[in-house]
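What follows draws every value from the coordinates through simple rules; no lab data is involved. Keep in mind the model is a prediction, meaning the values are calculated, not measured. Cβ sites come from the backbone with ideal geometry, for glycine too, and all protein chains shown count toward neighbours.
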Amino acid sequence: MKLSILDQAPVSVNMSAGEALRNSVKLAVAGDELGFTRFWLAEHHGMSGLSSSAPEVTLGAIGMVTKNIRLGSGATLLPYYKPFKVAETFNTLAALYGDRIDIGIGRAPGGDNKASEALSDNYLQQVFKMPELLAELQGFIQNNDKSLRAMPVPDTPPQLWMLGTSEKSAISARDSNMNYCFGKFMSTSNPLEVLDTYRESSSPGKIIVTVNVFCHENSETARKLAWSYAVNQALKSTGRAFKGIPSPEDTADIELTEDERLEAETILSNLIFGTPEEAGDELTRLSEAYQVEEFMIVTITHNIEDKINSYRLLADQLLTER
């Protein structure tokens, strides 16, 4: 089994954005040392709890302090950008860091309406043009148009991925002959149906499934980490979310309404948490059920130490070739 990391550069309570970004660098270094396959950074806009609005900038810093782990965006929100500029940006990273650059493509707004309007005057129109934008980006990455090259042209081009949470994205990836990363952690779609749709291609590419995991030596502590995340997510729907990622102690002191508690319990039921053996068994079960060999792990905790420890325990349990 292969394991990868998706990070959102979350800002914890009483933490600066700079510290959150430095924690992302620290996590990438740990992932490199632990044998994770990829480290991807999400792109979000106008969200006070997330500091990764320009993942390509942070990836440039991460590339300088890592050696083997692949680096990428999860995702670059293509409707906001010209494909030529995206190709130039990631070609530059590939020229610097060689054959370990990924471009994960998404079409979600990544923020509220105000952020979308500030980024683009015609976001929705560009969403409808996604097939054209994807084809244009593929052409520049593959250096097909010799009259207009996305410079610099690296020795090995970046690897393209489509990210999504539904059959619509699976169809887009399939029809564009792109690798596919399914975001199970934020999807209500049936994973088997989505992946089967993608595999209808005569020659499907690589597949990654992204899940939330909270791992700890102690099963009850792992549950507390997961419950704290679930509570904060539930509070977002009622406008009572913390200003930053709370600690388990913070969320334990919150009195939840009945609706908030039910929502938190629903979220918790979709998370993977427990000891290395418990979390490892669940990932192994999902690997067999979905017929995939790579999982991208999202772990959001108040303390960076808890986060890195969770990834370390998973690596020790599942990455046997370390």
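Here are some notes:
- Sorted by Cβ neighbour density within 10 Å, fewest at the top, the residues 243, 307, 206, 2: 243, 206, 2, 307
- Taking 124, 268, 163 in turn, the Gaussian network model of the chain (Cα-Cα springs below 10 Å) assigns the largest fluctuation to 124.
- Shown here are the Rg and Dmax of the Cα trace of the chain, at 19.2, 63 Å.
- Projecting the Cα atoms of 118, 25, 300 onto the dipole axis of the stretch 2-318, where Lys and Arg carry +1 and Asp and Glu carry -1 at the beta carbon, places 118 farthest toward the positive end.
- Evaluated over the stretch 189-322, the count of Lys pairs having alpha-carbon atoms less than 25 Å apart is 5 (only pairs 8 or more residues apart or interchain).
- Under-5 Å amide H pairs with residue 159, H placed in peptide plane, nonlocal only: 101, 102, 103
- 5 Å binning of all Cα-Cα separations within the stretch 1-76, expressed as whole percents from 0 upward: 3, 18, 30, 24, 15, 7, 2, 0
- Relative contact order of the chain, pairs being alpha-carbon contacts under 8 Å that are 6 or more residues apart, as %: 20 percent
- With the charge dipole of the stretch 2-318 set up from +1 on Lys and Arg Cβ and -1 on Asp and Glu Cβ about the Cα centre, the Cα lying farthest toward the positive end among the listed residues 134, 4, 150 is that of 150.
- Total charge dipole magnitude, the stretch 2-318, about the Cα centre, Cβ charges on Lys, Arg, Asp, Glu only, Debye to nearest 20: 1040 debye
- By the count of other C-beta atoms within 10 Å, a proxy for reagent exposure, 65, 194 are ordered fewest to most as 65, 194.
- Helix-only [θ]222 nm of the chain, DSSP H runs n ≥ 4, -39500 (n - 2.57) each, per residue, nearest 500: -14000 deg cm²/dmol
- The fewest-to-most ranking of 254, 304, 297 by surrounding Cβ atoms within 10 Å reads 254, 304, 297.
- Charge dipole of the stretch 2-318 about the Cα centre (unit charges at C-beta), most positive-ward option of 317, 178, 283: 178
- 3J(HN,Hα) from dihedral phi, the stretch 85-102, Karplus parametrisation 6.51/-1.76/1.60, rounded to Hz, x for glycine, proline: 5, 4, 4, 4, 4, 7, 5, 5, 4, 5, 5, 6, 10, x, 7, 8, 10, 10
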